[in-house]
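The values are calculated or read from the model by the stated rules, or taken from the named source; none is laboratory data. Bear in mind the structure is a predicted one, so any value in this text is a computation, not a measurement. Quick reminder, even Gly has a Cβ in these numbers, built from the backbone with ideal geometry, and neighbours come from all protein chains shown. These accessible areas exclude ligands, DNA and RNA; they are computed on the full protein's heavy atoms, side chains included. Shrake-Rupley method; radii C 1.70, N 1.55, O 1.52, S 1.80 Å.
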Amino acid sequence: MPGIKGPSDYSQEPPRHPSLQINSKVPFNAEPPRSALASSYVTPVDLFYKRNHGPIPVVDDIERYCVDICGLIGTPKKLYMRDVRMLPKYNVTATLQCAGNRRTAMSKTRKVRGVGWDVSAIGNAVWGGAKLADLLELIGIPKLTCSTQSGGKHVEFVSIDKCKEENGGPYKASIPLSQATNPEADVLLAYEMNGEFVSNMRKCLVIMLKPLNRDHGYPLRVIVPGVIGARSVKWLDSINIIAEECQGFFMQKDYKMFPPSVDWDNINWSTRRPQMDFPVQSVICSLEDVQSIKPGKVTISGYAVSGGGRGIERVDVSIDGGKTWLEASRSQKTGVPYIADHVSSDKWAWVLFEVTVDIPYSTEIVAKAVDSAANVQPENVQDIWNLRGILNTSWHRVQVRVGHSNM
């Protein structure tokens, strides 16, 4: 494609932060230490998890780079970066989470297939870009459209990224047209990620976002808030209006939720729909899975999040393995009280939770969250085990040993 290329090898990979835990070198998949997540509402770009399926694309001429808009529309169109930037710009704070987050823990119950992830295949960022609904309206598809006159019901995103699962073809995924054309769904064509606060002419602090880096989709990617990260396609090559959902590998033969009774001998991929929204989740980030501490006051902190724009109504923490519970405080933006599903809160973003407790003896500490629809995390990972190890949202448990030096 003019202006950008997908390398055939890994000789042009970008630099990465040395603290990242590497789960796969090629393709590069890595996550930050869990302690880094609870220290900042907005995850620093360098510490945002890296999920890749092949070599990172290289832009050689940004002026020539464009995205093809085609499929079941009247006239195909080429979208250059200058065209995207002419559309109204929006900043959306949204959490992305790999469906395989916490896969390693699930695999300890019973072996699963996939890249091993601890608890940090997740991050929260401020994304800047144009709304997909505005772009589609520009090519003749009105907002809040479920089906086009030509029968288009889905929007497919195709990447420059080539991967072995597609037999060397591009990574791709799709979302329903009804979601793509809904401005309230906040689906973005993003070209910026995070930045810094600066004073404007009125001496108010405003955030100045920076361009995406290569690992996170430069120059243009899709952000689908509230949905598993696999649908937020990076390094856009084309956007297709199609009649049926995308038939790519990662939509049809991966990222589907099966019951524990299904294994690789009896699986039938066509019996399940592609996973979209992620369930309610919480994780303790201030302690490792097994940690020695001194007796006394301990601050327990972490993140909680739910998909589909649902807020976090409550985070419960137990210091006796789940027999009794304490409610943790929840927060998002500094100085703004968090209220689930309130207009003042970021509906697509995680909350950080915290509670200080006295730990006089060795015990098991547990966290579980409840979202605004009263969905709650399942108690045991065995009940939600699945052969691909996705959506491990079971109670998060850590073991503390009192009386020893810190590990």
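Here residue 97 fits the description: modelled with pLDDT of 95 or more, surrounded by 18 or more Cβ atoms within 10 Å (Cβ to Cβ), under 30 Å from residue 261 (Cα atoms) and of a type outside the set (Val, Ile, Thr).
Of all the criteria given as (1) outside any helix (DSSP H, G or I); (2) of a type outside the set (S, T, N, Q); (3) within 17 Å of residue 158 (Cβ to Cβ), the one not satisfied by residue 265 is (3).
Name the residue, out of 233, 206, 187, that is modelled with pLDDT under 95 and not polar (S, T, N, Q). Give the derivation first.
Working: 233 fails: modelled with pLDDT under 95; 187 fails: modelled with pLDDT under 95.
On inspection, the qualifying residue turns out to be 206.
Among the candidates 111, 153, 162, single out the residue that is surrounded by 18 or more Cβ atoms within 10 Å (Cβ to Cβ), modelled with pLDDT of 95 or more and of a type in the set (Lys, Arg).
On the way: 111 fails: surrounded by 18 or more Cβ atoms within 10 Å (Cβ to Cβ); 162 fails: modelled with pLDDT of 95 or more.
Of the residues listed, the single one that is surrounded by 18 or more Cβ atoms within 10 Å (Cβ to Cβ), modelled with pLDDT of 95 or more and of a type in the set (Lys, Arg) is 153.
Count of the stretch 165-184 residues, restricted to those that are open to solvent by less than 50 Å² (accessible area, probe 1.4 Å) and charged (D, E, K, R), is 1.
In the stretch 294-305, how many are surrounded by 15 or more Cβ atoms within 10 Å (Cβ to Cβ) and out of contact with any His (no Cβ under 8 Å at 6 or more places or on another chain)? Step through it out loud before you land on a result.
First, pick out the residues of the stretch 294-305 that are surrounded by 15 or more Cβ atoms within 10 Å (Cβ to Cβ): 298, 300-305.
If we keep only those that are out of contact with any His (no Cβ under 8 Å at 6 or more places or on another chain) too, we end up with 298, 300-301, 303-305.
Here the count works out to 6.
What are the residues in the stretch 357-374 that are open to solvent by 70 Å² or more (accessible area, probe 1.4 Å) and in a loop (DSSP other than H, G, I, E, B), if any?
Looking only at the stretch 357-374, we keep the residues that are open to solvent by 70 Å² or more (accessible area, probe 1.4 Å), and these are 358, 360-361, 374.
Residues satisfying the conditions are 360, 361, 374.
A Cβ distance below 7 Å, combined with a sequence gap of six or more or placement on separate chains, defines the contacts here; from the stretch 253-269, residues that are among the basic types (Lys, Arg) reach residues that are not in a loop (DSSP other than H, G, I, E, B) in the pairs 253/269; 256/269.
Just one of the listed residues (195, 217) is open to solvent by less than 50 Å² (accessible area, probe 1.4 Å) and free of Cβ contacts under 8 Å to residues at least 40 places away in the same chain, namely 217. Can you find a residue that is surrounded by fewer than 16 Cβ atoms within 10 Å (Cβ to Cβ), under 20 Å from residue 156 (Cα atoms), acidic (Asp, Glu) and assigned by the TED database to the domain that holds residue 106 anywhere in the stretch 229-237? No, the stretch 229-237 contains no residue that is surrounded by fewer than 16 Cβ atoms within 10 Å (Cβ to Cβ), under 20 Å from residue 156 (Cα atoms), acidic (Asp, Glu) and assigned by the TED database to the domain that holds residue 106.
Checked against the criterion of being modelled with pLDDT of 95 or more, of a type in the set (S, T, N, Q), buried (at least 21 other Cβ atoms within 10 Å of the Cβ) and not assigned by the TED database to the domain that holds residue 40, the stretch 393-407 contains one or more residues that satisfy it.
A Cβ distance below 9 Å, combined with a sequence gap of six or more or placement on separate chains, defines the contacts here; from the stretch 45-64, residues that are touching a residue at least 60 places away in the same chain (Cβ under 8 Å) reach residues that are aromatic (Phe, Trp, Tyr) and outside any loop (DSSP other than H, G, I, E, B) in the pairs 53/171; 53/250; 54/171; 63/80; 64/80. Taken as a whole, the structure places residue 86 among residues that are free of Cβ contacts under 8 Å to residues at least 40 places away in the same chain and touching a strand residue (DSSP E or B) at 6+ places or on another chain (Cβ under 9 Å). Under the condition of being in contact with a strand residue (DSSP E or B) (Cβ under 7 Å, 6 or more places away or on another chain) and open to solvent by 40 Å² or more (accessible area, probe 1.4 Å), the residues counted in the stretch 244-274 number 2. Contact annotation: residue pairs with Cβ atoms under 9 Å, 6 or more positions apart or on different chains, pairing a residue in the stretch 276-299 that is within 13 Å of residue 350 (Cβ to Cβ) and small (Gly, Ala, Ser) with a partner that is part of a strand (DSSP E or B) and open to solvent by 20 Å² or more (accessible area, probe 1.4 Å), are 282/368.
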